[in-house]
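Working notes, structure below.
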Amino acid sequence: MAGLLGLSRFIDRINQLIGRQVSWLILVAVLVSAYNAIVRFLGNGLPAYLPIPRASNALLELQWYLYGTVFMLASAYTLLRNEHIRIDIVSSKLSKRVRDWIDLVCHIFFLLPFVSLLVYLSWPWFLRSFRSGEMSTNAGGLIIWPAKFMVLAGFVLLTAQALSEIVKRIAVIRGIIEEPNPQHDLHPTVEAAIEIEEGHARD
């Protein structure tokens, strides 16, 4: 079990690093979107001598690629932080141990087969696009295969994180480790800020 927990910690570190870094792409996407909107609004009012790119399908598609990349690559980080959408109407009334077993069963029999199947299906889908140099059908659009690669990469990371969550859930049930994602009355970031403030107050 120690070896599996070591692998789980390694997967967690990788997805935590990727999840935090890709968040900056949201800012890039917003800037590209704002630039594209401004240039489209100004239209022919821009002086021809200005060496700046005009609004184009390439810029529009770049926005989609950036948002899609964040969504795909941060999905594993979302699972790691236990921030994915849950329907807690029933499960919140159950004991912690029962909820742990529900998570374990659902991860093994639903999540893991689903993401593994999507990795299996997205690999040839990406490979065909890469080998053919597939381009967007829009005039002036971008090459397609990098976006398809992000779909593949996202499901690979999510598969790895599913395995990590299964290992951790088994360890929690067996009492080997503490709950890695305890329930919070407030958002964890808010609770951390309150703890820092309380620490300063005591000092």
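The values are calculated or read from the model by the stated rules, or taken from the named source; none is laboratory data. Keep in mind it's a predicted model, so treat the numbers as computed, not measured. In this analysis, Cβ positions are derived from the backbone assuming ideal geometry, glycine residues included, and neighbour counts consider all displayed protein chains. Calculation scope for accessible area: heavy atoms of the full protein, side chains included, ligands and nucleic acids excluded. Shrake-Rupley method; radii C 1.70, N 1.55, O 1.52, S 1.80 Å.
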* Name every residue in the range 131-144 that is surrounded by fewer than 17 Cβ atoms within 10 Å (Cβ to Cβ) and of a type in the set (A, V, I, L, M, F, W, C), in order of residue number. => 135, 139, 143
* How many of the residues making up the range 67-98 are open to solvent by less than 50 Å² (accessible area, probe 1.4 Å), over 12 Å from the mean Cα position of the chain (by Cα) and of a type outside the set (Ser, Thr, Tyr)? -> 0
* Asked: For the range 56-115, how many residues meet the condition of being over 29 Å from residue 150 (Cβ atoms) and outside any helix (DSSP H, G or I)?
  -> 4
* Structure fact -> Per the filter on the range 9-27, residues under 19 Å from residue 68 (Cα atoms) and in a helix (DSSP H, G or I) are 15, 16, 17, 18, 19, 20, 21, 22, 24, 25, 26, 27
* To do: Return the pairs, sorted by first residue and then second, in which the second residue is crowded, with 17+ Cβ neighbours inside 10 Å and of a type in the set (Val, Ile, Thr), the first residue lies in the range 123-151 and is in contact (Cβ under 8 Å) with a residue 60 or more places away in the chain and within 19 Å of residue 60 (Cβ to Cβ), the beta carbons are less than 7 Å apart, and the residues are 6+ apart or on different chains.
  => 136/144; 150/69
